[in-house]
Amino acid sequence: MKPNIIQTFPYKGEKQLIQYTTKEFSAVCPFSGLPDIATVVVEYIPNKCCLELKSLKYYFVSYRNVGIYQEDVTNRLFKDIYKILKPRYLSIKTIYNTRGGIDAVCCIEKGKIG
């Protein structure tokens, strides 16, 4: 997991809600050793900067071989992105592929949209 990969660029526009979605996130379940595949949805209202997308992609890829529980992934993504962006609002949602007949969705948000 490499949060130092994430880059930003300055933002000075109107207040807006930005959403990025990837269906290609993966990590490894530390219990089973099997891959956990997820859709990750990042929503934020920038304060002074925006996420640079290629660096965000590389950050997500840095989880590929990491053994980490789904709930911890969501928490770590949130903490790393929040620390770098310092946004007005941030929501991180992970929607995992069904495993063993169980669907898992984790979400953390901070700040206000309005």
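With surrounded by fewer than 16 Cβ atoms within 10 Å (Cβ to Cβ) and in contact with a Ser or Thr (Cβ under 7 Å, 6 or more places away or on another chain) as the only criterion, which of Ile6, Ile37, Ile108 stands out?
The unique qualifying residue is Ile37.
Within the range 62-78, can you find the residues that are over 17 Å from Gln19 (Cα atoms) and either open to solvent by 60 Å² or more (accessible area, probe 1.4 Å) or within 9 Å of the chain's Cα centre (by Cα) (or both)? Write out each step before concluding.
First pass over the range 62-78, keeping only residues over 17 Å from Gln19 (Cα atoms): 62-73, 75-76.
Residues satisfying the conditions are Arg64, Asn65, Tyr69, Glu71, Asp72, Val73, Asn75, Arg76.
Residues of the range 4-21 being of a type outside the set (A, V, I, L, M, F, W, C), in contact with a helix residue (DSSP H, G or I) (Cβ under 8 Å, 6 or more places away or on another chain) and more than 17 Å from Ile108 (Cβ to Cβ), which ones?
We begin by selecting, within the range 4-21, every residue of a type outside the set (A, V, I, L, M, F, W, C); these are 4, 7-8, 10-16, 19-21.
Okay, now just the ones that are also in contact with a helix residue (DSSP H, G or I) (Cβ under 8 Å, 6 or more places away or on another chain), so 7-8, 20.
Of everything in the range 4-21, those that are of a type outside the set (A, V, I, L, M, F, W, C), in contact with a helix residue (DSSP H, G or I) (Cβ under 8 Å, 6 or more places away or on another chain) and more than 17 Å from Ile108 (Cβ to Cβ) turn out to be Gln7, Thr8.
Here is a check on your reading of the model: is Lys23 over 18 Å from Pro3 (Cβ atoms) and either part of a strand (DSSP E or B) or acidic (Asp, Glu) (or both)?
yes
Go through the range 35-49 and give me each residue that's under 16 Å from the mean Cα position of the chain (by Cα) and within 15 Å of Val73 (Cα to Cα).
Within the range 35-49, Asp36, Ile37, Ala38, Thr39, Val40, Val41, Val42 meet the criteria.
Filter the range 9-34 down to residues that are closer than 15 Å to Val73 by Cα and within 11 Å of the chain's Cα centre (by Cα) and give me whichever is surrounded by the most Cβ atoms within 10 Å (Cβ to Cβ).
The qualifying residue surrounded by the most Cβ atoms within 10 Å (Cβ to Cβ) is Phe25.
Can you tell me which residue in the range 80-98 is nearest to Ala27 (Cα to Cα), limited to those that are in contact (Cβ under 8 Å) with a residue 24 or more places away in the chain and open to solvent by 80 Å² or more (accessible area, probe 1.4 Å)?
Filtering first and then ranking leaves Asn97.
Go through the range 79-114 and give me each residue that's of a type in the set (D, E, K, R), part of a strand (DSSP E or B) and closer than 16 Å to Tyr20 by Cβ.
Across the range 79-114, the qualifying residues are Lys93, Glu109.
The values are calculated or read from the model by the stated rules, or taken from the named source; none is laboratory data. None of the values given here were measured: they were computed from a predicted structure. Virtual Cβ from ideal backbone geometry, glycine too; neighbours counted across all protein chains shown. All accessible areas refer to the heavy atoms of the entire protein, side chains included, with ligands and DNA or RNA removed. Shrake-Rupley method; radii C 1.70, N 1.55, O 1.52, S 1.80 Å.
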